[in-house]
Amino acid sequence: MKVNSKTDDLTYILNLCVPMAVQSVNRLLILTGIMGILISTYTLYVEMAAESRPGYKAFCDFAEHASCSRVLTSEYSKGFGFLPETSTFQLPNCIYGVLFYCIIIFLSTYDNVLVLRFQLLLEASSLVTCIYLAYLLIFVLHDFCIVCVSTYVVNSCLGYLSLKKHAILMKTKSKDQ
């Protein structure tokens, strides 16, 4: 009887630890998403200020080839540089970023594998977009934008955390079967 009791105690403790791990990852996903919203909001501020006030120098403008305001007023800062100017979707990229981070935060509140797979799909598409924008930043604009790079880091962290959450949920699912 004691062996069975210890086994039951261990199972109980493991079952408590796994949800705690998922909850911790969820909190990190939400905090990282909030960081993304804050960075994207600052990006929108810089973009609007640079467009409306000639000579505006943002906090993130460090040098001639490290100027986020120059990058954020380029043709690639709206509609990812490939949407026509007449398109309804010709919005600043950071608006899409805020929307993306809000969706990720919302999806992070669910501990469902199907929802998480949709979240992973969104994050994979954001990473592809980051690679495209990083390419433009380095090879086309020949510039460095600390705000842009910060969003790349945030998106990478979101992808990593979601993969971690997926692994935890799959492990939990296999233990339940």
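Name the residues in the stretch 62-80 that are more than 18 Å from THR41 (Cβ to Cβ) and modelled with pLDDT of 90 or more, would you?
Step one: of the stretch 62-80, the residues more than 18 Å from THR41 (Cβ to Cβ) are 62-67, 70, 74-76, 79-80.
Those that are more than 18 Å from THR41 (Cβ to Cβ) and modelled with pLDDT of 90 or more: ALA66, SER67, ARG70, SER74, GLU75, TYR76, GLY79, PHE80.
When the residues of the stretch 81-102 are narrowed to those that are under 18 Å from LEU136 (Cα atoms) and among the small types (Gly, Ala, Ser), which ends up modelled with the highest pLDDT? Show your work before the answer.
Of all residues in the stretch 81-102, those under 18 Å from LEU136 (Cα atoms) come to 81-84, 90-94, 96-97.
Checking which are among the small types (Gly, Ala, Ser) leaves us with 81, 97.
On the way: GLY81: 89, GLY97: 97.
Within the stretch 81-102, the match that is modelled with the highest pLDDT is GLY97.
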- Taking first residues from the stretch 118-138 that are surrounded by 15 or more Cβ atoms within 10 Å (Cβ to Cβ) and second residues anywhere that are not in a helix (DSSP H, G or I), the pairs with Cβ under 8 Å that are 6 or more apart or on different chains are GLN119/SER108; LEU137/ASP143; LEU137/PHE144; LEU137/CYS145
- Item | Selection from the stretch 80-117 of residues that are small (Gly, Ala, Ser) and either touching a residue at least 12 places away in the same chain (Cβ under 8 Å) or under 14 Å from GLY33 (Cβ atoms) (or both) | GLY81, GLY97, SER108
- Message: Need pairs with beta-carbon distance below 6 Å; first residue under 15 Å from ARG70 (Cβ atoms) and within the stretch 38-49, second assigned to a helix (DSSP H, G or I) and among the hydroxyl-bearing types (Ser, Thr, Tyr); sequence gap 6+ or separate chains.
- Response: VAL46/SER69
- Give the residues of the stretch 41-80 that are among the hydroxyl-bearing types (Ser, Thr, Tyr) and touching a Pro at 6+ places or on another chain (Cβ under 9 Å), sorted by residue number. THR43, SER77
- Item | Count of residues meeting criterion [in contact with a helix residue (DSSP H, G or I) (Cβ under 9 Å, 6 or more places away or on another chain), within 18 Å of ALA134 (Cβ to Cβ) and part of a loop (DSSP other than H, G, I, E, B)] in the stretch 51-71 | 1
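Within the stretch 72-93, does at least one residue satisfy the condition of being exposed (fewer than 14 other Cβ atoms within 10 Å of the Cβ) and among the small types (Gly, Ala, Ser)? Outline the logic, then answer.
So in the stretch 72-93, the residues exposed (fewer than 14 other Cβ atoms within 10 Å of the Cβ) come out as 75, 82-90.
Restricting the remaining residues to those that are among the small types (Gly, Ala, Ser) gives 87.
Taking every residue of the stretch 72-93 in turn, at least one turns out to be exposed (fewer than 14 other Cβ atoms within 10 Å of the Cβ) and among the small types (Gly, Ala, Ser).
The values are calculated or read from the model by the stated rules, or taken from the named source; none is laboratory data. Treat the numbers as computed from the prediction; the structure is a model and nothing was measured. Here Cβ is always computed from backbone atoms with ideal geometry, including for glycine, and neighbour counts include all displayed protein chains.
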